[in-house]
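Reading through the structure tokens given below for one structure.
Values in this text are rule-based calculations from the coordinates and carry no lab data. Computed from a prediction, not measured in an experiment: that's the story for all the values here. So basically every Cβ, Gly included, is an ideal-geometry build from the backbone, and we count neighbours across all protein chains shown.
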Amino acid sequence: MMINHYDIVIVGGGPVGMALALGLHNSGVSCLLLEARGLPEKDEDPRPLALSHGSYLLLQRLGVWSKLTQNTPIKTIHISNRGSFGRAILEPQDAGVPALGYVVNYHDLFCAMHKQLTADQSKYIGGALVTRINTTENSGEVYFDFQGRLEQVTAQLIVLADGGQLVKQIPDINYQSHDYQQWAVVANVRAEKKQTGIAYERFTPDGPVALLPNDQDFALVWTVAPETVKEITELNNDSFLLRLHQHFGDRLGRFIAAGKRSAFPLSLKYATSTVSQRIALIGNAAQTLHPVAGQGFNLGLRDAYELACEIINAKNVSQELGTPAMLSKYLQRRQMDSNAVRTFTDTLIKLFSNDSKILNQACGFGLSALDCMPSLKRFIARRMIFGAKG
Ligand SMILES: Cc1cc2nc3c(=O)[nH]c(=O)nc-3n(C[C@H](O)[C@H](O)[C@H](O)COP(=O)(O)OP(=O)(O)OC[C@H]3O[C@@H](n4cnc5c(N)ncnc54)[C@H](O)[C@@H]3O)c2cc1C
């Protein structure tokens, strides 16, 4: 059994774990990233990610942006509510930014970050499945399976960026969760009207349906009830396109082509604390949100960035990493942002996904009111783009 010691061991090399590894590059902090998967096949995870302008700036800083082969700017966000008149439009000038954000594909982002990590010669082990973590007051131990062998490394701080698989091994952290009883059906679709940089978010009693500009087409994130997800994913293409048209309405004309469909169950899950002895949680391990308003990865990227800043600050003044004092600073930095984004997305779903005609009209009225109030629009848009500090 090989034993190695690092300042930081990151468990999970999804986009958030990789962002932390990139943020620590050239900082003098020794860091190892362990990821269970190898490089995924091209179509393994087709979900689109709407990245805010704030995330674009962070990814530029991490050297990733130039490696993304495809990104489509979001010039306008059009928000509507089926069955009521209200609608709101957000544009870059509402938030004082050049573009509201960009749509990229999860897989492309994964590959771009992986490429940058390799270029930086970061210590990254793919195909390493972490099976056990253990901590003492002074350090943490991580056990992982790699090529049929059990390996062990130790670190001053273990960062869980694994989507939440290993939290059950930490005695003082639990998850609060809520099953939305919704699934997201994801596919690339083409409509009669070409995409013009507008991202559509349309609320319906079954949940929101989003059509995001994606290259020449649209990336669809369609929320459906659990009892219809199988039926919708298995419809033949013509029936699927017709059903989507009936659901979304005529704003883009008929839908004329669709790519492969995938489905994701949707729930809210957040950790009662994002730190414990020699452990910090980031990204989906800290909180998994409903994809409405496309906030999950943007929030996780800020977790990674701010934890990197906290680690580098401590290192620069020769402070020990992973101490209760350092972790408490990280917790304070992140609490307001994660609480605010979680409450925002959860409230949107609870308010808009309902059958009540009165509430539906009130939500429509709320959207119209938002549309008439530039200062409120600016407040909301800047928080969606930059988080609580917006
Ligand atoms: C349909 C859908 C649409 C979405 N759209 C948006 C959007 O538009 N904008 C947005 O900001 N967010 C969006 N999100 C949310 C976004 O996908 C997540 O927030 C983001 O993927 C979280 O990244 P992560 O790195 O924390 O976790 P993950 O992407 O889950 O990565 C976790 C990694 O940990 C690895 N791992 C797990 N267990 C172990 C282990 N034991 N050992 C080693 N490695 C392990 C996994 O292999 C994986 O690579 C969407 C989500 C869904 C479902």
Distance between the C-alpha centers of the stretch 208-283 and the stretch 113-144? Whole Å please. 31 Å
Checking 116, 70, 319 against a Gaussian network model of the chain (alpha-carbon springs below 10 Å), the top fluctuating residue turns out to be 319
Trypsin sites (Lys or Arg not before Pro) restricted to the stretch 1-106 and DSSP loop, no more than 13 other C-beta within 10 Å: 42
Inter-label distance, nm, simple model (7 Å from Cα along the C-beta direction), residue 78/residue 145: 4.9 nm
Between residue 254 and residue 67, 0.36 nm times their residue separation minus their Cα-Cα distance comes to what? 63.9 nm
FRET efficiency, residue 231 to residue 179 (Cβ-Cβ, R0 22 Å, nearest 0.05): 0.65
Please sort by residue number the GluC sites (Glu not before Pro) in the stretch 255-324 whose DSSP state is loop and whose Cβ has at most 13 other Cβ atoms within 10 Å. 320
Compute the FRET efficiency between residue 138 and residue 262 as 1/(1 + (r/R0)^6), taking r as their Cβ-Cβ distance and R0 = 35 Å, and round to the nearest 0.05. 0.20
Using the structure shown, select from 67/123; 123/315; 269/329; 269/389; 194/377; 75/377 the pairs with a Cα to Cα distance greater than 25 angstrom. 194/377
In sequence order, what are the phi-derived ³J(HN,Hα) couplings for the stretch 126-138 according to the Karplus relation 6.51 cos²θ - 1.76 cosθ + 1.60 with θ = phi - 60°, rounded to whole Hz, with x for glycine and proline? x, x, 10, 8, 6, 10, 8, 10, 8, 10, 10, 4, 9
Pick from 118, 323, 135: which residue has the top mean-square fluctuation in a GNM of the chain where Cα pairs under 10 Å get a spring? 118
Amide H contacts under 5 Å for residue 6, placed H, 5+ residues apart: 154, 155, 156
From phi via Karplus (6.51, -1.76, 1.60), per-residue ³J(HN,Hα) for the stretch 84-95 in Hz, x at Gly/Pro: 9, 7, x, 7, 10, 10, 10, 10, x, 5, 5, 10
Taking amide hydrogens as modeled 1.01 Å from N in the peptide plane, which residues meet the under 5 Å criterion relative to residue 105, leaving out close sequence neighbours? 49
At a Förster radius of 22 Å, what calculated FRET efficiency corresponds to the Cβ-Cβ distance of residue 309 and residue 30, to the nearest 0.05? 0.80
For the residue pair residue 121 and residue 369, what label-to-label distance in nm results when each label sits 7 Å from Cα along the Cα-to-beta-carbon direction? 5.9 nm
Cross-link candidates for residue 260: which aspartates and glutamates have Cα within less than 15 Å, leaving aside residues fewer than 8 places away along the same chain? 41, 43, 44, 45, 217, 231, 234, 238
Per DSSP H run of at least 4 residues, take -39500 (n - 2.57); add these up for the chain, divide by its residues and hand me the 222 nm value, nearest 500 deg cm²/dmol. -11000 deg cm²/dmol
Vicinal HN-Hα couplings computed from phi for the stretch 301-312 (Karplus, 6.51 cos²θ - 1.76 cosθ + 1.60; Hz; Gly/Pro x): 5, 5, 4, 4, 5, 6, 5, 4, 4, 5, 5, 5
Cβ charges +1 (Lys, Arg) and -1 (Asp, Glu), total dipole of the chain, debye: 860 debye
